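Report on one structure; see the data block that follows.
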Amino acid sequence: MTGTLNKVMLIGHTGDDVKMHYFEGGGSLGRFPIATNESYTNKTTGERVTNTEWHNVVVRNKAAEICEKYLKKGDKVYIEGRIKTRKWQDDSGSERYSTEIHCTEFTFLTPKNESSAEPSTGNQQMSQNRPAQQQQPATQSPGSRNEPYNQTEEEDDLPF
């Protein structure tokens, strides 16, 4: 196989509300952590062990605004995207690295009556790959959370 694949699928609980950053020109970026758990039974002690892994999720533009509106700390969410590592310098000038999940699709999994978000019906499915003419309007009614959403800022490079 000559192509490569960078795809991540996670189901977990948000560790915080979405933190938004807005840019000149109208772009926006949302960031939030999600936790995934792995459970197993220790064969020697018979004890149930749970390990939690934290993932930093980045979502852009309209999808970020939708996440900010409906996704709250503790909500269960399905995230699909790509792993990206970025390099930066901390206050002391040391090089640091951050690994993030750049979200391309998501689905809200917490039922509306269990979420602290605004009321809605069903799960929210969003994808950032739908052409612009098919995007949902900026003001969604709470009943439209089941509609998929795709958005692309740049064309993906396909390995084939």
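The values are calculated or read from the model by the stated rules, or taken from the named source; none is laboratory data. Everything quoted here is computed from the prediction, not taken from an experiment. Glycine also receives a Cβ, built like all others from the backbone with ideal geometry; neighbour counts cover every protein chain displayed.
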Got a sec? Which of ASP156, ASP90 is more than 16 Å from the chain's Cα centre (by Cα) and at pLDDT below 90?
-> ASP156
Among the residues of region 87-110, is any outside any strand (DSSP E or B), without any contact (Cβ under 8 Å) to a residue 40 or more places away in the chain and crowded, with 16+ Cβ neighbours inside 10 Å?
-> yes
Of all residues in region 55-86 being under 24 Å from THR4 (Cα atoms) and surrounded by fewer than 17 Cβ atoms within 10 Å (Cβ to Cβ), which is modelled with the lowest pLDDT?
-> ARG86
Count of region 1-26 residues which are free of Cβ contacts under 8 Å to residues at least 60 places away in the same chain, in a loop (DSSP other than H, G, I, E, B) and out of contact with any helix residue (DSSP H, G or I) (no Cβ under 6 Å at 6 or more places or on another chain) = 8
Region 1-33 - residue that is under 17 Å from LEU109 (Cβ atoms) and of a type in the set (Gly, Ala, Ser) and, of those, surrounded by the most Cβ atoms within 10 Å (Cβ to Cβ) = GLY12
Under the condition of being among the basic types (Lys, Arg) and at pLDDT 95 or above, which residue from region 14-47 is nearest to SER98 (Cα to Cα)?
-> ARG31
When residues of region 54-105 are limited to those that are among the aromatic types (Phe, Trp, Tyr) and out of contact with any Leu (no Cβ under 7 Å at 6 or more places or on another chain), the one farthest from PHE23 (Cα to Cα) | TRP54
How about region 51-77: which of its residues are among the aliphatic types (A, V, I, L, M) and not in a helix (DSSP H, G or I)?
-> VAL57, VAL58, VAL59, LEU71, VAL77
Would it be correct to say that THR52 is modelled with pLDDT of 95 or more and either more than 23 Å from GLU114 (Cα to Cα) or surrounded by fewer than 13 Cβ atoms within 10 Å (Cβ to Cβ) (or both)?
-> yes
Do the conditions hold for GLU80, that is, is it charged (D, E, K, R), out of contact with any Asp or Glu (no Cβ under 9 Å at 6 or more places or on another chain) and either closer than 13 Å to LEU10 by Cβ or outside any strand (DSSP E or B) (or both)?
-> no
